[in-house]
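The values are calculated or read from the model by the stated rules, or taken from the named source; none is laboratory data. Since the model is a prediction, treat every value here as computed from it, not as a measurement. Don't worry about glycine lacking a Cβ; one is built from the backbone with ideal geometry, like all the others, and counts go over all protein chains shown.
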Amino acid sequence: MTSVRKTVILTGASRGIGHATVKRFSLEGWRIITCSRETVPEECKRDPNWTHHISADLGDSEDLDQFIAEANVLLDGGPLHALVNNAAVSPKTPFKERLGCLNGDVAAWRDVFELNLFAPLGLARGFATALHRGKGVIVNITSIAGHAIHPFAGSAYSTSKAALSALTRELAVEFASLGVRVNAVAPGEIETGMIGPEYEALIPRIPMHRMGKPEEVAAAVFQLCGADFGYVTGTEIFVTGGQHLY
Ligand SMILES: NC(=O)c1ccc[n+]([C@@H]2O[C@H](COP(=O)([O-])OP(=O)(O)OC[C@H]3O[C@@H](n4cnc5c(N)ncnc54)[C@H](OP(=O)(O)O)[C@@H]3O)[C@@H](O)[C@H]2O)c1
């Protein structure tokens, strides 16, 4: 019996956690369709599993719809086995000042929510039929900052991630009847472009006394998409080295 090659759609593939996650799925032989605003690094274009990268700004509703339409054409009526909602933005002031509730532009909150919350909702809807066909899995990348005050993450980012954690539960219940599982992975401090040198000060607050690597988040995402987690839905896995326990 030949095994069916599985397909994953992942947002925010050009760098960081998304890029590491694509590499993990590719290593496991999955076919990969991705998007981000930038193109992907040159060497990745030679990856035979990473068949399609579509440039799109998912914070823009027209681009979002266009991406969903193009990716569904690529799926060609076939199944989708995983959707990883990874792309997000965490705005900072030019002086790395924390953007709280009293400073910053309220319109900027809407931009953060467009990408961090409404895009995952739109993508879940847009790929619901294909996910149903594949008895697939959605993994939302949330954050430790959605669960407690974080010294550097801004309020718009943190509340958008808290809302994404809540959306994960809502989707899990509704998508269960489609045969689709929905879970979240909440990273702590992970070595990517999203964090700066000021984050080094947080290491004493991490029980494992180190930052995480993008590959460690990628591994949790990948495992959630496998059959061993077939009875797991509506949950959130903390990849934080224990930081969320404080
Ligand atoms: N790093 C951490 O410590 C940490 C901690 C907690 C949670 N997280 C979460 O983990 C996820 C990945 O974070 P990361 O650190 O890997 O971030 P990153 O290095 O900043 O990468 C973000 C990715 O999202 C894409 N992206 C940004 N805006 C986009 C848009 N408008 N439309 C489409 N794609 C867009 C970026 O590509 P383009 O710029 O090319 O569009 C990039 O590929 C995010 O959800 C983040 O909130 C990260």
Checklist entry - Looking at region 62-77, which of its residues are surrounded by fewer than 13 Cβ atoms within 10 Å (Cβ to Cβ) and within 13 Å of the ligand (Cβ to nearest atom)? => result Glu62
Checklist entry - Just to be sure, is Ala163 within 10 Å of the ligand (Cβ to nearest atom), under 20 Å from Leu121 (Cβ atoms) and free of Cβ contacts under 8 Å to residues at least 60 places away in the same chain? => result no
Checklist entry - Residue check, Leu178 against (1) more than 29 Å from Asp111 (Cα to Cα); (2) aliphatic (A, V, I, L, M); (3) in a helix (DSSP H, G or I), all met but one. Which one? => result (3)
Checklist entry - If we keep just the residues of region 119-144 that are within 28 Å of Gly188 (Cβ to Cβ) and surrounded by fewer than 19 Cβ atoms within 10 Å (Cβ to Cβ), which is farthest from the ligand (Cβ to nearest atom)? => result Leu121
Next on the checklist: So, in region 199-216, how many residues would count as being at pLDDT 95 or above and over 18 Å from Leu245 (Cβ atoms)?
Outcome noted: 3
Checklist entry - Across region 1-53, what is the number of residues that are among the aliphatic types (A, V, I, L, M), buried (at least 17 other Cβ atoms within 10 Å of the Cβ) and either more than 18 Å from Lys135 (Cα to Cα) or over 16 Å from the mean Cα position of the chain (by Cα) (or both)? => result 5
Item to check | Single match in Thr142, Thr34, Thr39, Thr93 (criterion: modelled with pLDDT under 95 and touching a strand residue (DSSP E or B) at 6+ places or on another chain (Cβ under 9 Å)) | outcome: Thr39
Next on the checklist: Filter region 194-210 down to the residues that are farther than 20 Å from Tyr157 by Cα and buried (at least 16 other Cβ atoms within 10 Å of the Cβ) and list them by number.
Outcome noted: Ile206
Item to check | Answer from Leu167, Leu171 - the residue that is surrounded by fewer than 23 Cβ atoms within 10 Å (Cβ to Cβ) and assigned to a helix (DSSP H, G or I) | outcome: Leu167
Next on the checklist: Can you tell me which residue is farthest from Ala119 (Cα to Cα) among those in region 29-62 that are of a type outside the set (Asp, Glu) and part of a helix (DSSP H, G or I)?
Outcome noted: Arg46
Next on the checklist: Checking the condition more than 10 Å from the ligand (Cβ to nearest atom) and surrounded by 17 or more Cβ atoms within 10 Å (Cβ to Cβ), which residue from Ala87, Ala82, Ala107 passes?
Outcome noted: Ala82
Checklist outcome for this item: Those residues of region 1-59 which are of a type in the set (A, V, I, L, M), over 16 Å from Leu224 (Cα atoms) and within 13 Å of the ligand (Cβ to nearest atom) amount to Ala13, Val40, Ile54, Ala56, Leu58
